[in-house]
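Contents: one structure, followed by commentary.
The values are calculated or read from the model by the stated rules, or taken from the named source; none is laboratory data. From a predicted model like this one, the values you see are computed outputs, not experimental measurements. A quick note on method: Cβ atoms are made from the backbone with ideal geometry, for glycine too, and the neighbour counts reach across all protein chains shown. Heads up: the accessible areas ignore ligands, DNA and RNA and are worked out on the full protein's heavy atoms, side chains in. Shrake-Rupley method; radii C 1.70, N 1.55, O 1.52, S 1.80 Å.
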Amino acid sequence: MRSPREIFLDRRFAEAAYEDCAVPIPKGQTISQPYIVARTLEAAAIAKSDRVLEIGAGSGYLAALAAKLGREVCAIERNEALVRQARSRLRHLGCRNVYLRQGDGTAGWPEGGEFDVTLVSAAGAQTPAVLKAQLAPSGRPASCSPTPA
């Protein structure tokens, strides 16, 4: 599975794209280090038939990778500028199975029904009940942060 990480970064950080470290993106956020992204996707065990809900889409990098694994990705990012940038990058890559919106991820994707996998970046100590409710009975939560989803 390949998705060029450097296109999800500002040009000034492109040379750090494949270093195993978090890299800054706008609005005080970061793109997680490759090791963490890989572990998150491994824990999620996304199947081709899976619908994925991503909370905290940031640059769109994790959504792009999840889109290559699953059937559909619904991603939420709170910052409108990041949403615009991520949409542009995802279109450039031809990710037609990613739906990205600006909003509060703790509210979930109410009209989305159930999801097989929920990916959460920068998770808090408690998983919001609405996100638990949107996880299919056999669904799997995965987190990109030290706190479990």
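Of everything in the stretch 24-50 that's free of Cβ contacts under 8 Å to residues at least 60 places away in the same chain and in a loop (DSSP other than H, G, I, E, B), which residue is surrounded by the most Cβ atoms within 10 Å (Cβ to Cβ)?
It comes out as Gln33.
If I filter the stretch 67-78 for residues that are under 30 Å from Ala14 (Cβ atoms), open to solvent by 10 Å² or more (accessible area, probe 1.4 Å) and assigned to a loop (DSSP other than H, G, I, E, B), do I get at least one hit?
The answer is yes; a qualifying residue exists.
In the list Arg71, Arg91, Arg96, Arg51, which residue meets the criterion of being touching a Phe, Trp or Tyr at 6+ places or on another chain (Cβ under 8 Å), more than 17 Å from Gln29 (Cα to Cα) and charged (D, E, K, R)?
After applying the criteria, what remains is Arg51.
Looking at this structure, is Ala142 modelled with pLDDT under 90, part of a loop (DSSP other than H, G, I, E, B), out of contact with any His (no Cβ under 6 Å at 6 or more places or on another chain) and buried (at least 20 other Cβ atoms within 10 Å of the Cβ)?
Working: modelled with pLDDT under 90: yes; part of a loop (DSSP other than H, G, I, E, B): no; out of contact with any His (no Cβ under 6 Å at 6 or more places or on another chain): yes; buried (at least 20 other Cβ atoms within 10 Å of the Cβ): yes.
Judged against the criteria, Ala142 is not a match.
Taking the stretch 82-96, which residues are assigned to a loop (DSSP other than H, G, I, E, B) and buried (at least 17 other Cβ atoms within 10 Å of the Cβ)? Walk me through how you get there before you give the answer.
Going residue by residue through the stretch 82-96, those that are assigned to a loop (DSSP other than H, G, I, E, B) are 94-96.
Residue satisfying the conditions is Cys95 alone.
Take the residues in the stretch 97-122 that are out of contact with any strand residue (DSSP E or B) (no Cβ under 7 Å at 6 or more places or on another chain) and outside any loop (DSSP other than H, G, I, E, B); name whichever of them is surrounded by the most Cβ atoms within 10 Å (Cβ to Cβ).
That would be Thr106.
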